[in-house]
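S.K.: Have a look at this one before I ask anything.
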Amino acid sequence: MGSLNKKEPLILLLGDLCSFIVALWLSLLIRSLEVPSQAFFLTHLLPFSLLFIVWILVFFIAGLYEKHTVILQSKLPNILASTQLINSSLAVIFFYLIPFLGITPKTILFIYLFVSFGLILVWRIYGYFIIGRGRPSNAILIGSGDEMKELLEEVNNNQIYNIKFVTSVDLNRVDEQGFWKEIVDYVYSENVSVIAIDLANKNVEPVLPHLYNLIFSKVSFIDMHKIYEDIFKKVPLSLLKYDWFLENISTQAPSAYDTLKRAMDIVISLPLTLISLILYPFIWIGIKLDDGGPLFVTQERVGKRGRTIRLIKFRSMERNDLDLGGATHRENKVTRVGKFLRSTRIDELPQLRSVLKGDLSLIGPRPELPTGVAHYTKEIPYYNIRHLIKPGLSGWAQIYHDTHPHHGLDALETANKLSYDLYYIKNRSFLLDIKIALRTLKTLASIAGR
């Protein structure tokens, strides 16, 4: 995307793999106090290579290839330490429970875990900026509104991006004398190579002929909203007009996507349904000891194409109140056991049967109550577009926007969640579903570790 380098995650991954390999060589050197022979090194490299692949997957789940955790120096040591603990456990299981690997490197493995942690930390903090990144390109941001301010603050306060906005220009000033000259002066005085502009803004037309001439000055142009979407992983709400939906939203999924998605739903939800049955008696005892109420609640939700579906959940609130706008709903409280069930998402385990039935998918926008949908449809333009696809147990909005998971009829919060749902609908793919599934597992693991 423009000057936001798509190759940077690949550079990070290759650097991580090189660090793993160098760490292995150093560990063998420290263990034997002599330079390891080629045969000795290869004997260890082959089984360790399988482990490296697993560790890269752990790094991915931990978000180490995401924009906010790639090179955040203050958080990086803690994140790496946590992942290294997980990797240590996996390494022990890998070498001592898989006998055909031929080696059980107790001392070498112990040394390797510390050496690899040090090398990865040095690579991520210092090596990446020296090798993997060039100097950020100077850029100008032309637009207006809160989205422009949000983008300006994010990019200029974060070193992980390839661009730096040397100034921002408000398109509401387009009629002011000297507006165009201000842009040109910055282009040449600050050696600007990129201009990010809000092409959807109604005031942009008079500016375009002047910007056209800058093409000959080797200035690249990019839509501000493309950068915004790529960074924040959501669709800018200011773009939502009929032409945007006609251009970007389709009921036709990518080739073979629906088949793969349905296969993933069945392969994962069937064993989870059977395994979860073990928990049912304990949950029943907990709920009965808490307030003596029923184990399950049945709720109607709005599914694909607006069809009403029935979902079963473990009861987590005092009453099964379905009127989000009613006074009784505001008075309805989460039970003590229900608080635990919600935080761990155990309350949603019975919904796996809806996944097997085909009413739900594992991944998709969360289904809302009919009363909520009726309210949001009136308050939020284009809200019903989220019903184009099958709802899911976990979605893009849940992993990127979880500040208020239960917000009643708050239209502002729901509109923000809609921007994430639209990003998913626009970009949905099997790989994106895998990413959401892995990030959901990470969230559940972090809750279990508290």
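The values are calculated or read from the model by the stated rules, or taken from the named source; none is laboratory data. The structure presented is a predicted model; accordingly, all values stated were derived computationally and were not measured. Quick reminder, even Gly has a Cβ in these numbers, built from the backbone with ideal geometry, and neighbours come from all protein chains shown. Surface areas here come from the heavy atoms of the whole protein model, side chains and all, with no ligands, DNA or RNA. Shrake-Rupley method; radii C 1.70, N 1.55, O 1.52, S 1.80 Å.
S.K.: (1) polar (S, T, N, Q); (2) in a helix (DSSP H, G or I); (3) open to solvent by 40 Å² or more (accessible area, probe 1.4 Å): which one isn't true of Ser269, the others all being true?
M.R.: The single condition Ser269 does not satisfy is (3).
S.K.: Please enumerate the residues belonging to segment 272-309 that are in a helix (DSSP H, G or I) and hydroxyl-bearing (Ser, Thr, Tyr). Break it down into steps so the answer makes sense when it comes.
M.R.: So in segment 272-309, the residues in a helix (DSSP H, G or I) come out as 272-276, 280-290, 304-306.
Thr273, Ser276, Tyr280, listed by residue number.
S.K.: Continuing with the same structure: Limited to segment 228-254, what total is found for residues that are in contact with a Pro (Cβ under 8 Å, 6 or more places away or on another chain) and closer than 21 Å to Arg305 by Cα?
M.R.: Counting residues in segment 228-254 that are in contact with a Pro (Cβ under 8 Å, 6 or more places away or on another chain) and closer than 21 Å to Arg305 by Cα gives 1.
S.K.: Is it true that Asn332 is out of contact with any Phe, Trp or Tyr (no Cβ under 7 Å at 6 or more places or on another chain), open to solvent by 50 Å² or more (accessible area, probe 1.4 Å) and of a type outside the set (A, V, I, L, M, F, W, C)? Walk me through how you get there before you give the answer.
M.R.: Values: out of contact with any Phe, Trp or Tyr (no Cβ under 7 Å at 6 or more places or on another chain): yes; open to solvent by 50 Å² or more (accessible area, probe 1.4 Å): no; of a type outside the set (A, V, I, L, M, F, W, C): yes.
Taking the combined requirement at face value, the residue does not satisfy it.
S.K.: Identify the residue in segment 37-48 that is assigned to a helix (DSSP H, G or I), without any contact (Cβ under 8 Å) to a residue 40 or more places away in the chain and open to solvent by 40 Å² or more (accessible area, probe 1.4 Å) and, among all such residues, is nearest to Leu444 (Cα to Cα).
M.R.: Leu46
S.K.: Starting from residues that are of a type in the set (Lys, Arg) and in contact with a strand residue (DSSP E or B) (Cβ under 9 Å, 6 or more places away or on another chain), keep the ones in segment 137-173 and report whichever is least open to solvent (accessible area, probe 1.4 Å). Even if it seems obvious, please write down each step before you answer.
M.R.: Step one: list which residues in segment 137-173 are of a type in the set (Lys, Arg), which gives 149, 164, 173.
The next check asks that each one be in contact with a strand residue (DSSP E or B) (Cβ under 9 Å, 6 or more places away or on another chain); those that pass are 149, 164.
Values: Lys149: 131, Lys164: 114 Å².
In this case the residue turns out to be Lys164.
S.K.: Does segment 195-214 contain any residue that is under 30 Å from Pro77 (Cα atoms), under 34 Å from the mean Cα position of the chain (by Cα) and not aromatic (Phe, Trp, Tyr)?
M.R.: Applying the first criterion (under 30 Å from Pro77 (Cα atoms)) to segment 195-214 yields none.
No, segment 195-214 contains no residue that is under 30 Å from Pro77 (Cα atoms), under 34 Å from the mean Cα position of the chain (by Cα) and not aromatic (Phe, Trp, Tyr).
S.K.: Residue by residue through segment 312-337, note down the ones that are part of a helix (DSSP H, G or I) and at pLDDT 90 or above.
M.R.: Let us first name the residues in segment 312-337 that are part of a helix (DSSP H, G or I), namely 327-331, 336-337.
Once the filter is applied, which keeps residues that are part of a helix (DSSP H, G or I) and at pLDDT 90 or above, segment 312-337 yields Arg336, Val337.
S.K.: For residues in segment 238-264 being assigned to a helix (DSSP H, G or I) and touching a Lys or Arg at 6+ places or on another chain (Cβ under 9 Å), which is nearest to Ile434 (Cα to Cα)?
M.R.: First pass over segment 238-264, keeping only residues assigned to a helix (DSSP H, G or I): 238-239, 242-248, 257-264.
Checking which are touching a Lys or Arg at 6+ places or on another chain (Cβ under 9 Å) leaves us with 248, 257, 261.
Details: Asn248: 22, Tyr257: 12, Lys261: 10 Å.
Per the stated criteria, the residue is Lys261.
S.K.: I've got another one for you. Which residues, counting only those in segment 354-371, are in a helix (DSSP H, G or I) and either buried (at least 20 other Cβ atoms within 10 Å of the Cβ) or under 22 Å from the mean Cα position of the chain (by Cα) (or both)? Can you show your working first?
M.R.: Applying the first criterion (in a helix (DSSP H, G or I)) to segment 354-371 yields 354-357, 370-371.
Correct list: Ser354, Val355.
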